[in-house]
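For reference, the structure is listed below as structure tokens.
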Amino acid sequence: MKVIRTIEELRTEIKHRRSSISGPVGLVPTMGYLHEGHGSLMQRAREMAGTVVLSIFVNPIQFGPGEDFETYPRDEERDLAVAQSNGVDIVFIPDVQEMYPQPTKTKVAVSELTSLLCGASRPGHFDGVTTVVNKLFNIVKPDFAFFGMKDAQQVAVIEQMVRDLNMDIEIVPCPIVREQDGLALSSRNVYLKPEEREQALVLSKSLKTALEQLENGTVETAGEVRELLSRIISESSIAVIDYAEVLSFPELTPVENETRLADSGSTTIMALAVRFGKTRLIDNALFQAKEGISHV
Ligand code: AMP
């Protein structure tokens, strides 16, 4: 496994591997502090690509003022061990100066999909994401890029960008990896105090209950699901709901309260963002209308 810190060296190495090693190039973009969720992306990439590139970059332009850019958890040594054990070929770890030698005057911005959910509470966040993902795509020129459904809105936004700009890259969405007790893995889970960690289980519990009740017909409409999600999350006395929304996926249009999800003819996402103390957690689940098949 090669560890590369400059764009020039990465380009040279990828050119070399393209000419000497068969198979496509797969890119797994991350901000590091790797866990098994990231690991599942690397494993999927390993199955599909001859060269697997993992990028680790805490991207300053996707953090707003007062957010955790400075304190975002970092552990390069451990990240390299995780990358190695998941069969990564190249780890790209640029510093901020390498990626932004001067403040960028060019940004890539996707409209509409970015104005709601996390885009509403984190203005400019998705412009930062799509801009850095573009830069990484231009540097690595991957055939496949792997993203977790943990950040489902990010998947929808990036797929839209790839379609709109005719990028010759296949986006591969990967399922959410959870702890045994249901909490979705996240680098930010280390911020949680023990009581917050315990109470954060209301997120997965609310999604699981909503899916069960949709499948057995106890709840049917988007309004009932919204109400159910909020009620279960509120069982935690410290949970502060940012949003508990029901939208079509991947279009991300809000579903009207009266709509019966099983008859809606499309995939629905139940998307949550909830604060526990200073930590904001997100989670989601998809409900498939036609076959009534669900994924958590
Ligand atoms: P991050 O380092 O948080 O920016 O995440 C990098 C990639 O890993 C993103 O595509 C995330 O959606 C994905 N990811 C993070 N947590 C999980 C998880 N629990 N399950 C699956 N993918 C995840």
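What follows draws every value from the coordinates through simple rules; no lab data is involved. Treat the numbers as computed from the prediction; the structure is a model and nothing was measured. Using ideal geometry, Cβ is built from the backbone for each residue, glycine included, and neighbour counts are taken over all protein chains shown.
In percent, rounded to a whole number, the relative contact order of the chain is 16, using alpha-carbon pairs under 8 Å and six or more apart. Remark: the range 21-26, residue by residue, has Karplus-estimated 3J(HN,Hα) of 10, 6, x, x, 9, x Hz, where x stands for each Gly or Pro and the curve is 6.51 cos²θ - 1.76 cosθ + 1.60 at θ = phi - 60°.
The C-alpha atoms of the chain define a longest principal axis, and helix 152-164 lies at about 60 degrees to it. Ranking Met42, Val190, Leu286 by Cα position along the charge dipole of the chain, where only Lys, Arg, Asp and Glu carry charges on their C-beta atoms, puts Met42 farthest toward the positive end. For the residue pairs Lys107/Lys141; Lys107/Lys193; Lys2/Lys193; Lys135/Lys278; Lys107/Lys208, the C-alpha atoms sit more than 28 angstrom apart in Lys107/Lys193; Lys2/Lys193; Lys135/Lys278; Lys107/Lys208. Using C-alpha pairs under 8 Å with a sequence gap of at least 6, the mean separation divided by the residue count of the range 1-135 gives a relative contact order of 31 percent. Couplings 3J(HN,Hα) of the range 52-63, computed from phi: 10, 10, 10, 9, 10, 7, 7, 7, x, 7, 9, 9 Hz, in residue order, whole Hz [Karplus 6.51 cos²θ - 1.76 cosθ + 1.60, θ = phi - 60°; x for Gly and Pro].
The angle between the Cα long axis of helix 222-233 and the longest principal axis of the Cα atoms of the chain comes to about 80 degrees, rounded to the nearest 10. Here the range 182-196 is scanned for amide nitrogen atoms under 17 Å from the site 7 Å beyond the Cα of Ile241 along Cα-to-Cβ, giving none.
Applying a DSSP loop filter and a limit of 10 other Cβ atoms within 10 Å to the trypsin sites (Lys or Arg not before Pro) in the range 77-170 leaves Lys105.
With +1 on each Lys and Arg Cβ and -1 on each Asp and Glu Cβ, how big is the dipole of the chain about its Cα centre, in debye rounded to the nearest 20? Value, rounded to 20: 740 debye.
Each Lys or Arg adds one and each Asp or Glu subtracts one; over the other residues with Cβ under 12 Å from the Cβ of Val52, this totals +1.
Stretched out straight at 0.36 nm per residue, the stretch from Met48 to Lys278 would grow longer than its current Cα-Cα span by 79.0 nm. Over the range 2-174, the Kirkwood radius and the radius of gyration, each from Cα atoms, give a ratio Rg/Rh of 0.94. If you take the Cα centroid of the range 1-79 and the Cα centroid of the range 138-163, the two points sit 13 Å apart. The C-alpha atoms of the chain define a longest principal axis, and helix 125-140 lies at about 30 degrees to it. Translational diffusion coefficient of the range 101-217 (Stokes-Einstein, Kirkwood radius from Cα pairs, 20 °C, 1.002 mPa s): 129 µm²/s. Of all beta bridges that DSSP places with both ends in the chain, some 55 percent have antiparallel geometry. Here the Kirkwood formula, the inverse mean of 1/r across different C-alpha pairs, assigns the range 187-295 a hydrodynamic radius of 14.0 Å.
Under the convention that each Lys and Arg Cβ holds +1 and each Asp and Glu Cβ holds -1, the size of the dipole of the range 143-296 around its Cα centre is about 580 debye.
Relative to its Kirkwood radius, the Cα radius of gyration of the chain gives an Rg/Rh of 0.97.
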